[in-house]
Amino acid sequence: MIAAVVLVALAISGFSYAHWYGYLYFEKYIETGYMCASIQTWFSNDPPGQNDPGYTKDVAATHTWIDAIDPHYAYIWIEKAYPCYTVYFTMDIYNCGTIPWNMTTPKVNGVTLVDSTWVQFDLDGNGVNDVEFMYIDGELKQVHPGQFVEWSLRLHVLQGADLCPAEYYFTLEVEVVQWNLA
């Protein structure tokens, strides 16, 4: 009787063993999407040759341009700025990839701006704030392939700015991240 039980147990385990080791093979091609963003437009409300915003004379001028080789870079050059000079900038960032992305909050010199709030900076390091920036709109909007996000930046020269010819440098950084990571 014991021999019969052992024989049946071996038969069942052999049958189970045969079924546990079946193989299936799949061959398939998987293609991922790619993320791409490029600056399409970048302009100010005070280009050269126009009256300064809010005034009847043309003193200062703001030059804006997008890098011709790499549209990930845009530039600002403001000449003859003075205290209380305020200029508005608008930028369109285009989704040239195949997956959606979100734009994060812009940073000036590594400091995150706050939407619709002025943030002051001491650009020359003398302990007195020279300019302030305000960022408006664009943050965390999902941008699908073939679409763009428009956002605005305000720059205001403060009373603490040097009245002698002075040059101020800053870096404005905008990051885009794939939509499921924001």
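Worth a mention:
- Scanning the range 153-169 for residues that are closer than 19 Å to T117 by Cα and loosely packed, with under 15 Cβ neighbours inside 10 Å yields a single hit, Q159.
- Q159 vs. criteria of a type outside the set (K, R) and within 22 Å of the chain's Cα centre (by Cα): no
- Qualifying residue in the range 91-104 (condition: out of contact with any strand residue (DSSP E or B) (no Cβ under 9 Å at 6 or more places or on another chain) and within 28 Å of T56 (Cα to Cα)): no
- Condition broken by D58, with the remaining ones in (1) loosely packed, with under 15 Cβ neighbours inside 10 Å; (2) acidic (D, E); (3) assigned to a strand (DSSP E or B) satisfied: (3)
- Any hit, the range 134-142, residues being under 21 Å from I66 (Cα atoms) and exposed (fewer than 15 other Cβ atoms within 10 Å of the Cβ): yes
- The condition of being more than 25 Å from V177 (Cα to Cα) and either surrounded by 15 or more Cβ atoms within 10 Å (Cβ to Cβ) or over 14 Å from the mean Cα position of the chain (by Cα) (or both) holds for only one of Y88, Y34, that being Y88.
- Residue within the range 6-29 that is at negative phi, among the β-branched types (V, I, T), touching an Asp or Glu at 6+ places or on another chain (Cβ under 7 Å) and modelled with pLDDT under 95 present: no
- Q178 vs. criteria within 30 Å of T32 (Cβ to Cβ) and modelled with pLDDT of 95 or more: no
- In the set A74, A81, only one residue is modelled with pLDDT under 95, within 13 Å of the chain's Cα centre (by Cα) and of a type outside the set (S, T, Y); that residue is A74.
The values are calculated or read from the model by the stated rules, or taken from the named source; none is laboratory data. Keep in mind it's a predicted model, so treat the numbers as computed, not measured. For neighbour counting, all protein chains shown are included, and Cβ atoms are generated from backbone atoms with ideal geometry for every residue, glycine included.
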